[in-house]
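Below is one structure, written out as structure tokens; comments come after it.
Bear in mind these aren't lab numbers, they're just calculated from the coordinates by the rules spelled out. In this text, all values refer to a predicted model and were calculated from it rather than measured experimentally. Cβ coordinates were reconstructed from backbone atoms using ideal geometry, including for glycine residues, and neighbour counts include every protein chain displayed.
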Amino acid sequence: MRTRTGGKGATKQALTGKLSTDAAILGSVFEDCSDIMFHTFQTMWGTSFLCVCCRGLCDTERLERQVLAPLESDEAGVLNFPAERSSRYLRNHQLQEAPVASLEVIQSVEQAIQGILDGQALVIKEGVPAGVLYSLHKPVGRSPEEPAAESTVRGARDGFTESLQTNSSLLRMRLKTPAFKQRTLTIGSYTNTKVLLVYIDGVIESSLLEKVQERLQRLDISKVLESQNIEEGIVDQRFSPFPQMLATERPDVVVSNLLEGRFAILIDGTPFSLIAPVTLFTMLQSPEDYYQNMYMSVFVRWLRYLFFMLSLLLPSAYVAVTTFHQEMIPTVLLLSIARAREEIPFPALIEALIMEISFEALREAGVRLPRQVGSAVSIVGALIIGQAATSAGIVSAPMIIIVAITGIASFMIPRYAMSTSTRLLRFPIMLLAGTMGLTGVMLGLILIVIHLSSLRSFGTPYLAPVTPTSAEGMKDVWWRSPPWRRAR
């Protein structure tokens, strides 16, 4: 049993112990809230009680069986009420233990309101200026399943759900140590969303922990419906196109990052947790890199780096070479491209923009449509529209090949947030390529590198451990060392 006497934002108004007064105060707060249930009852010994709970969040069957029925049938007259232990009206005789394990004695109206909205049942006894919150929250949600967006051939098959308690249990199941710490905060003036800050004491740096706690505490927003609402408020540079926190639904990913000295933020109501600090290379790593053969992991990781660059620069390089630098193309290939483009009415830049925008539209249509028809629309759209555009002489076959390779390259990026960054930056680089050639491509690349060099994720350089260089950190960037060779 825990006793709570105050909290953040708690009012000075205390529970009076007079049921009519307390019911009027709570009734004015929950006016027009039809899901809030007020129940006043009297025992056979004449003692009155007030019970307040939220029908949708509180398990009313357990409330009746484990709380109300024992109170109504208590023959001693003192009625098994733990709040009396913390009030000045303590009885001299021994009180029985409460029928449920998790209890919380409160004294303020603010604590009562927050407990009711969290799914707890509030019970107040006439004459006792305190209440008891019974933890009878009804679990609402789905069972842990493998995340569809982060599936792996080998590895754990469970994933986070919308329940914060379930997500916390999935982490504790993997970290059976008292060094695994969890701190609960409440964010959002209207949603009052519970947020869990998790880390491993002794592994995380104290300065990093102080920094994230300070940012979370000064975060002043009215609603928290998804992890993005918190992410945008605590990152170092809010207007950067690159993600500065890693969003994941996999508990094993969170645990592995905690063991590397990072922290994670779990939000009630969403399966996506946030991990920081991260780097560019963290966003290009997949959980399966550590679940398969070392040599295969290194090969796939280098392939992923290559296709990351292709997804960013391939259309721009094609536009620049075909428009300004035809002498760089082998003669046979140049003649083939010229034959394919001789009836195309648009320059290469416009052709690339048409195809890229069409591809992005098809991709979004496949995501937004129902799952049963989404993939069919994407495949049919890509095949039919591409073939029709080529036959009509709107775009050339080489451009379709370039856009298709670029799309496949973007699918190889394991983190969706990083994939969207390359998709976004691809367009300004194409514009530079269409107006300045390879000089424009290099200019765009230099600007991106300058931005990445100045970018920080909770104080950690975004290009670490390449710059600043760390030989120890390189063990998990260019190759994947065996577990016994990596730093513990």
- Surface/4 estimate of mean projected area, convex hull on alpha-carbon atoms of the stretch 164-278, nm²: 6.6 nm²
- Segment His325-Met474, extension gain: residue separation times 0.36 nm, minus the distance between their alpha carbons: 49.9 nm
- Task: Specify which labelled value, from (1) 27.7; (2) 26.9; (3) 24.1, agrees with Kirkwood radius over Cα pairs in Å derived from the coordinates of the model shown.
- Result: (2)
- Query: In the stretch 170-226, what trypsin sites (Lys or Arg not before Pro) fall in a loop by DSSP, with at most 12 other Cβ atoms inside 10 Å?
  - Reply: Lys176, Arg218
- Relative contact order (percent, whole number), the stretch 164-278, Cα cutoff 8 Å, 6+ residue spacing: 31 percent
- Evaluate the relative contact order of the chain (contact order divided by residue number), counting alpha-carbon pairs under 8 angstrom at least 6 apart; express in whole percent. 13 percent
- Query: Between the stretch 31-50 and the stretch 382-457, what is the C-alpha centre distance in whole Å?
  - Reply: 64 Å
- Item | Pairwise centroid distance, computed over Cα atoms, of the stretch 300-365 with the stretch 199-224, Å | 44 Å
- Are there any helices in the chain, counted as whole DSSP H runs, that stretch 18 Å or more along their axis by Cα and score at least 1.6 on average by Kyte-Doolittle, and if so which? 397-411, 438-454
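Just tell me the longest site-free run in the chain, where the sites are chymotrypsin sites (Phe, Trp or Tyr not before Pro) in a DSSP loop having at most 10 other beta-carbon atoms within 10 Å.
No qualifying site falls inside 240-483, the longest such stretch.
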